[in-house]
1. Quickly work out the Leu194-to-Thr365 label distance, labels modelled 7 Å from Cα along the C-beta direction, and quote it in nm with one decimal.
2. Whose amide H sits under 5 Å from the amide H of Ser224, counting only residues 5 or more places off or on another chain, with H placed in the peptide plane?
3. Where does the charge balance sit around Phe285 when Lys and Arg score +1, Asp and Glu -1, over other residues with C-beta under 12 Å from its C-beta?
4. Would you calculate the separation in nanometres between label points at Gln127 and Asn297, each defined as 7 Å from the Cα along the Cα-to-beta-carbon direction?
5. Go ahead and run the numbers for FRET between Asp342 and Arg175, Cβ-Cβ distance against an R0 of 56 Å, rounding to 0.05.
6. Could you work out the percent of alpha carbon pairs in the stretch 99-188 separated by over 23 Å, rounded to a whole number?
7. Say R0 is 25 Å: what FRET efficiency, to the nearest 0.05, do Ala275 and Gln137 get from their beta-carbon distance?
8. Ratio of Rg to Rh for the stretch 59-213, alpha carbon only, Kirkwood?
Amino acid sequence: MAMINRAFIKLALFCALSICMITARRLEPVVYDIEQTEFAQQLQHAIKMRDDLSATTNKQQQPQASTTPCSSPSSRWLKSIIADVSKEDLTTFFDNHLHVLPFVYKLHVAPRQYDQEYFGLDGEYTQEITSVHNQAQEFWSDSGVRDEIYLLSAHGSDLADRHDKLVPTLELLFRNTYDSDYTVYDHAADIQELITRLPGGYNFPLLTFNAFATDEMDDEEDDSSIIIGDGYFQFQQALGMDSEGPEYAHAHEFSHHLQFLLGVSDTQSGIAQVAKKSELLADAFSAYFLAHDQGGNMVSDEISNVHSVAFSLGDCVKSSAGHHGTPIQRRCATVWGAELADDREDMDKIDLFEFQNRFDTWYETVDDLSDSCQHLHSAAASRSSRILSLQVMTLLIGGLSVLL
């Protein structure tokens, strides 16, 4: 999940490299840095993996070994979601940035009606998200985090309203690219026709498979927000992780607001850089809060589910600049954070900077983690030490036997 600097996002962002192809009309959109968030990049990786798999199948290559060093549940789910979508429709989907539209609408077009926000297709997660939000604001109140961080939700169903929602969003994104031959209403009609061909229509998960934090809403209001799309909840439901999945999603995005305070989010061209270290730190913060008896106060089974949720969101594209940590690293970051909350020597909440310092030490060997979240070298050294101790003890016992 990612954090976005809203001071730069409103209108002055760079143009897309891709060109829209609906009805053979070339439209050059303005791409918001929503495209740079974790889930948006995972979508692109899933498509590439599907194409690579198709190429492998066409060549009739022998299947690879069933065991791989890294396997991402989110990538597998994404591939299953796009399996029934034609390549042409999928290309059009991303060329026209349909996975961005509901978020741009909510952030920059929709009126501010925070009390009417609901989470989940039918609002089934609203109470859960609201409750953990209040807990997080209370828990981190002494850290200096903003008193008002607003909750926002993204729904694919908003795109069904052509006149009041979809058209203003397209005008904002594509601006001066329309003319009398191809109007914004023509574009909106083509997009809605495409959505009707997608599995689930306006509830197609990829329309809203994202969650991120913003540090400003616009130039007039210095509001901060957390926005979660319906697609994220659908993903957690599909994996059977919707019990603690919503709390984790919120706590993770709230943790990015703590990072805003720490200044650990570097920016380039207005885009907040949320590389692996930032994401793992947010994982650690979120687990620390959820496990702490003054925070989420989750029991061991619930925290175990949090570890599983974090694992499900890891990716295996280690060579990508947008890599956010492998599934094992994501899980281990939450294990580390939760254990810190359970440390009886730290009954009070740890200062943010102290937390970051401890995390930095842990992170130094993050690429050397085993499945059990032990560092491989230290684990090997520990095993060697135990073996040596056993050997010494055996010799001593043997010596005593001789003497007796």
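1. 4.9 nm
2. Sorted by chain and number, the residues that satisfy this are Tyr150.
3. Result for the neighbourhood of Phe285: -1.
4. 1.8 nm
5. 0.60
6. Cα-Cα pairs in the stretch 99-188 separated by more than 23 Å: 39 percent.
7. Calculated value: 0.40.
8. Here Rg/Rh amounts to 1.06.
Since every read-out is calculated from the coordinates, none of them should be taken as a lab result. Quantities reported herein were computed from a predicted structural model and do not represent experimental measurements. Cβ: placed from backbone, ideal geometry, glycine included. Neighbour counts: every protein chain shown.
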